[in-house]
Amino acid sequence: MLGAIVSLLLVVAAAYAVTQVGGVITLLFIAAVLFLAYRRLSLLAFTTTFTVLLAAYTVLGAGGAPAGIWKGFLWLLLAGLWLLNVRPLRKQLITRPFMKTYLKLLPTMSQTEKEALDAGTVWWDGELFTGAPRWSKLLSAKAPKLSAAEAAFLGGLEFSAYAHSCVLAKISSRSATTSSTVAVPNSLGPAELLNHYGTEEQKSYYLPRLARGEEVPCFALTGPRAGSDASSIPDTGVVCRGTWQGREIIGLKLNFSKRYITLAPVATVIGLAFRMFDPEKLLGGKTDIGITCALIPRNTPGVTIGRRHFPLNVPFQNGPIQGRDVFVPLDFIIGGSKMAGSGWRMLVEQLSVGRCISLPSNATGAAKAAVWATGAYARIRSQFNTPVGRFEGVEAVIARMAGLTYIMDAARSVTAGAIDGGEKPSVPSAMLKYHVTEMGRQVANDAMDVHGGKGICLGPRNYLGRGYQIVPVAITVEGANLLTRNLIIFGQGAVRCHPFVLREMAAARNPDRAAGVEEFDGALFAHICFSISNAVRSFIMALTHARFTRAPVEGPTARYYQHIVRFSASFAFAVDVAMLALGGYLKKKESLSARLGDVLSCMYLASMVLKHHENQGRLEEDLPIVEWACRSLLYHAQEQLHGFLRNFGNRLLALAMRALIFPRGRVYSAPDDRLGHKLAGLVINPTEARERLSQYIYWTLEPTNPLGLLQEALLLAVQLEPLEKRIRVEGVKTGKVTALDPPGRIQQALAAGIVSETEAAALREYDRKVMELIHVDDFDPRELGALAAATPESAARSSAHVA
Ligand SMILES: Cc1cc2nc3c(=O)[nH]c(=O)nc-3n(C[C@H](O)[C@H](O)[C@H](O)COP(=O)(O)OP(=O)(O)OC[C@H]3O[C@@H](n4cnc5c(N)ncnc54)[C@H](O)[C@@H]3O)c2cc1C
């Protein structure tokens with residue numbers, strides 16, 4: 001509100017000033033200068049054009065005292081601009097002193113943080129930091145497609161990242177326990193590390209055995225003292241002499257304590273992360289070598305393994321591992337001795353790929369299954385004589401489930417396509433990890449609400465409860481979500497994706513001072529022009545609601561491209577102001593940086609939605625879902641930018657930013673109820689959009705598969721709806737049909753000649769199937785007593801077919 005008032009005052013003041021200094025010509029002059037800034041000219045090009053414009057304006061503009069003062073000010077400004085173009089002068093007067101302050105503002109960075117920052121590549125995330133993203137980069141990327149073999153198998157044979165993701169999504173639509181079990185050996189585990197960094201010997205021994213399932217891997221990083229701050233592991237590997245298979249060799253003595261390790265209880269080989277030391281300098285180099293990864297066979301003397309944790313009553317294999325004075329040869333280090341100390345780099349490099357695939361795919365598969373089941377259930381379950389999915393309140397929830405699932409699927413598949421194109425997108429991997437698993441959590445909650453008691457009572461007939469229980473695991477692993485949102489997404493993005501910050505940091509830290517000043521000067525002034533341009537772009541696009549911004553496509557989605565460009569400019573401007581005002585302290589202001597991270601993520605996810613829609617051939621039927629998804633994301637981006645400004649410490653700067661970012665206030669609105677109604681209709685009916693949304697889930701019709709049975713019932717519901725209507729109109733309303741339950745009604749309708757014998761049989765069969773699906777399990781109290789005392793094994797037995 002305050003920002004809008006300030007903007008209004010500014011506009012009134014400007015209008016008044018303009019009338020005082022010569023009306024239309026002045027307006028034209030200001031518009032031309034703003035246009036130059038909007039088009040982002042270089043400093044020299046801007047100054048030259050500004051000179052020409054100012055000369056013309058001086059000749060053509062009005063005379064008089066106010067106009068004279070105003071023009072004098074502009075000529076002074078121009079002189080300042082020309083001085084800024086004299087590099088030696090500006091280096092001396094501005095760059096050198098600023099560089100000193102800048103160095104003080106820079107956050108301190110440990111080696112592990114540097115390695116994390118350097119890992120992976122910058123992809124579409126980098127474009128979103130520019131304020132003027134080049135859509136051709138995203139839209140020209142090849143749509144990910146399954147090969148014929150991949151499509152037929154939907155399962156390790158040099159599959160693409162996209163196929164890998166589809167396989168996990170499909171498994172997860174049936175069993176979260178199985179999909180976590182499959183994900184670990186195929187993601188950030190020993191196989192991935194060996195593939196990239198292993199010696200030839202290690203690869204030829206382990207890879208075939210891992211691929212055939214003869215070795216079961218796990219990867220042990222986390223311990224009781226190092227969870228989120230994983231680089232602080234206290235586990236050690238000390239270089240020393242020892243005896244290995246009867247020979248004295250130089251090896252490593254390992255002492256470690258790890259917990260929460262997935263597959264550990266059944267693993268045959270442990271990927272172990274520890275800190276390596278060489279106190280006696282037996283290897284000749286440093287004493288503190290750094291984090292190192294090695295492969296330790298399970299049966300190595302000193303290793304204690306096999307006990308299990310019991311994660312939320314879900315029976316997947318997870319447990320602690322300890323090692324006491326475990327002696328192994330240096331050859332056990334992944335990549336051999338030359339990779340000693342490179343463990344953290346290896347982990348973060350591979351994380352950027354694995355984190356894009358495993359958890360996002362599992363969460364998406366589960367969401368697809370949930371929306372598939374919920375859409376059908378809401379159609380076949382009636383209350384108040386109406387399918388529950390037709391009540392507005394339920395529709396809104398189903399619409400959210402469908403919209404979020406579309407976003408998750410788009411983000412997963414388009415980003416997997418980028419990996420197949422050679423990217424290792426580290427910032428998007430954090431965005432996907434956080435947002436896709438959080439959306440999965442929302443979808444799981446919504447599915448439970450729509451199913452009511454059916455979702456709550458555990459037992460073989462409950463197809464939701466176990467998936468709901470396991471949700472916090474996805475939230476916690478591979479970078480717990482609070483940490484990922486508050487520290488990683490923006491913290492990494494701001495440095496990695498920003499077009500100038502990394503260059504400026506490198507220049508400021510350059511030990512060759514002269515070269516550093518030269519590089520810093522170039523980056524700094526380009527950065528200043530960039531920020532001014534973003535401020536102007538943000539203001540103009542906010543005023544015009546981005547109506548005149550160029551979009552790469554025509555049609556109903558064009559507006560979303562325009563709004564993303566607008567938010568990109570506002571975001572880039574806000575980021576620069578925040579970094580300038582707070583410097584390294586921004587890292588500690590987690591709530592501010594998390595909001596900026598949310599804005600970045602919303603723009604990224606909305607771009608993924610648009611690209612996915614293009615990849616799927618711009619299907620008109622999907623438009624309500626695409627619109628809901630983009631609108632929700634951009635609305636959230638707006639609200640998070642507002643939250644950022646509301647909490648920004650320097651109120652004066654916040655006010656100035658608000659005037660340039662929200663000159664008309666927050667005018668972007670969330671999806672409306674009409675759109676939600678359309679979306680729900682796509683999901684509670686057997687539409688092609690519903691099938692596309694849940695593509696690749698396991699919905700084969702078989703007696704033990706609820707997803708197949710629900711679809712069968714949904715098809716019958718639609719097919720038999722005219723008969724039910726006939727009974728209502730010709731039977732219930734005329735008093736010929738008075739029974740309260742469907743079997744009685746069918747019987748009376750048959751007797752009254754309203755339906756034929758065949759039609760009555762079809763209706764009875766449908767009612768039987770519906771009752772089968774809405775039934776829940778009950779147990780003898782003694783059975784429940786046994787469950788209460790459950791070990792993981794007994795819980796596994798009781799829940800294997802529903803997990
Ligand atoms: C089921 C399961 C399977 C797992 N599998 C493996 C495995 O196979 N291998 C392996 O090595 N590890 C594994 N983990 C460990 C997992 O990666 C860690 O649990 C995770 O890193 C968080 O550590 P923590 O549980 O000790 O939480 P803590 O580090 O104690 O954190 C507690 C909370 O504080 C938040 N937090 C911490 N620091 C910050 C910050 N700076 N800003 C904001 N929030 C912050 C965290 O996000 C979290 O919400 C597994 C864990 C589970 C539960």
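Of all DSSP beta bridges confined to the stretch 162-285, the antiparallel ones make up roughly 55%.
Given the C-alpha centroids of the stretch 97-126 and the stretch 531-604, what is the distance between them in whole angstrom? The two parts, judged by their Cα centres, are 21 Å apart.
Efficiency by 1/(1 + (r/R0)^6): what FRET value for Asn85 and Ile528, r their Cβ-Cβ distance, R0 = 22 Å, to the nearest 0.05?
On the way: r = 13 Å, r/R0 = 0.57.
It comes to 0.95.
Listed by chain and number, the lysines whose C-alpha is less than 18 Å from the C-alpha of Lys725, apart from same-chain residues fewer than 8 away, are Lys733, Lys736. In the stretch 591-739, Cα pairs under 8 Å separated by at least six residues give a relative contact order of 18 percent.
Taking θ as phi - 60° and the Karplus parameters 6.51, -1.76 and 1.60, the scalar couplings of the stretch 634-645 work out to 6, 5, 5, 4, 4, 5, 6, 5, 4, x, 4, 5 Hz in sequence order, x denoting glycine and proline. Under the combined filter of DSSP loop state and at most 15 neighbouring Cβ atoms within 10 Å, the stretch 551-650 retains these GluC sites (Glu not before Pro): Glu554. Residue order by solvent-accessible surface for Glu200, Glu215 is Glu200, Glu215, largest first, with ligands and nucleic acids left out and a 1.4 Å probe. Taking every protein chain into account, the accessible area of the stretch 498-542 amounts to 36 square angstrom per residue (probe 1.4 Å). Sequence-ordered 3J(HN,Hα) estimates for the stretch 713-720 from the Karplus curve with 6.51, -1.76 and 1.60 and θ = phi - 60° stand at 5, 4, 4, 5, 4, 5, 5, 8 Hz, glycine and proline given as x. Distant-in-sequence amide contacts of Val269, defined by a placed amide H-H separation under 5 Å and a gap of 5 or more residues or a different chain, comprise Val216, Cys218, Arg298. At a probe radius of 1.4 angstrom, the accessible area of the stretch 54-109 per residue rounds to 62 square angstrom.
Extending 7 Å from Cα along the Cβ direction at Ser140 and again at Lys203 yields two label points whose distance is 3.2 nm. Taking label points 7 Å from Cα along the Cα-to-Cβ direction, Val12 and Val52 give a separation of 3.8 nm.
On the stretch 212-295, 47 percent of the accessible area sits on carbon and sulfur atoms, based on a 1.4 Å probe.
Here's the list of lysines a cross-link from Lys588 could span, going by alpha-carbon distance under 21 Å and ignoring same-chain residues fewer than 8 apart: Lys104, Lys114.
Solvent-accessible surface of the stretch 615-694, averaged per residue with a 1.4 angstrom probe and all protein chains in place: 43 square angstrom.
Quick check on the stretch 528-574: take the gyration tensor over C-alpha atoms, sort the square-rooted eigenvalues as a ≥ b ≥ c, and tell me if it's rounded (a/c under 1.5), prolate or oblate. It comes out prolate by the Cα gyration axes.
Seen through its C-alpha gyration tensor, with square-root eigenvalues sorted a ≥ b ≥ c, the stretch 418-464 comes out prolate because a/c lies at 1.5 or above while a/b is bigger than b/c. Projecting label points 7 angstrom from Cα along Cα→Cβ for Leu103 and Leu701 puts them 7.5 nm apart. With an a/c value of 1.5 or above and a/b not larger than b/c for the gyration tensor axes a ≥ b ≥ c computed over the alpha-carbon atoms, the chain is described as oblate. Taking 0.36 nm per residue of separation and subtracting the current Cα-Cα distance, fully stretching the chain between Glu554 and Thr178 would add 131.0 nm. Going down the table (Lys253/Lys281; Lys91/Lys587; Lys137/Lys424), which pairs top 21 Å between alpha carbons? Among Lys253/Lys281; Lys91/Lys587; Lys137/Lys424, the Cα-Cα distance tops 21 Å for Lys91/Lys587. How much of the accessible area of the stretch 658-773, in percent, comes from carbon and sulfur atoms when a 1.4 Å probe is used? Roughly 55 percent, rounded to a whole number. For Glu721, the accessible area of its heavy atoms, probed at 1.4 Å with every protein chain present, is near 60 square angstrom. Only protein heavy atoms count here; under a 1.4 Å probe, Phe310 has an accessible surface of about 80 Å². Along the stretch 517-534 the Karplus relation, 6.51 cos²θ - 1.76 cosθ + 1.60 evaluated at θ = phi - 60°, assigns HN-Hα couplings of 5, 4, 5, 5, 4, x, 5, 4, 6, 5, 5, 5, 4, 4, 5, 4, 4, 5 Hz to successive residues, with x for each Gly and Pro. Between Leu652 and Ile250, full extension at 0.36 nm per residue minus the direct alpha carbon distance yields a gain of 138.4 nm. Can you give the FRET efficiency for Ala506 and Ala151, using 1/(1 + (r/R0)^6), R0 = 51 Å, r = Cβ-Cβ distance, to the nearest 0.05? Efficiency for this residue pair is about 0.65. Counting only protein chain heavy atoms and rolling a 1.4 Å probe, the accessible areas of Arg412, Arg307 rank, largest first, as Arg307, Arg412. Contact order for the stretch 663-761, expressed relative to its length and based on alpha carbon pairs under 8 Å spaced 6+ residues apart, stands at 14 percent. A 1.4 Å probe, protein heavy atoms only, puts the accessible area of Tyr604 near 0 Å².
Think of the chain as having a plus end and a minus end, set by charges on the Cβ of Lys, Arg, Asp and Glu; of Trp344, Ala152, Gly491, Gly491 sits farthest toward the positive end of this dipole.
Using Cβ point charges alone (K and R +1, D and E -1), the dipole size of the stretch 313-468 about the Cα centre works out to roughly 320 debye. Of all DSSP bridge pairs formed entirely within the chain, close to 80 percent run antiparallel.
Each peptide in 741-750, 442-451 gets a packing score, the mean of other Cβ atoms within 10 Å over its residues, and the list from highest to lowest is 442-451, 741-750. The slack between Val667 and Lys286, meaning 0.36 nm per residue of separation minus the straight C-alpha distance, is 131.2 nm. In the stretch 442-492, the portion of solvent-accessible area held by carbon and sulfur atoms comes to 64 percent [1.4 Å probe, whole percent, DNA, RNA and ligands not counted].
The values are calculated or read from the model by the stated rules, or taken from the named source; none is laboratory data. On a predicted model such as this, the values are computed, not experimentally measured, just so you know. FYI the Cβ positions are ideal-geometry reconstructions off the backbone, even for glycines, and counts take in every protein chain you see. Side chains are part of the model used for accessible areas, which takes the heavy atoms of the whole protein and leaves out ligands, DNA and RNA. Shrake-Rupley method; radii C 1.70, N 1.55, O 1.52, S 1.80 Å.
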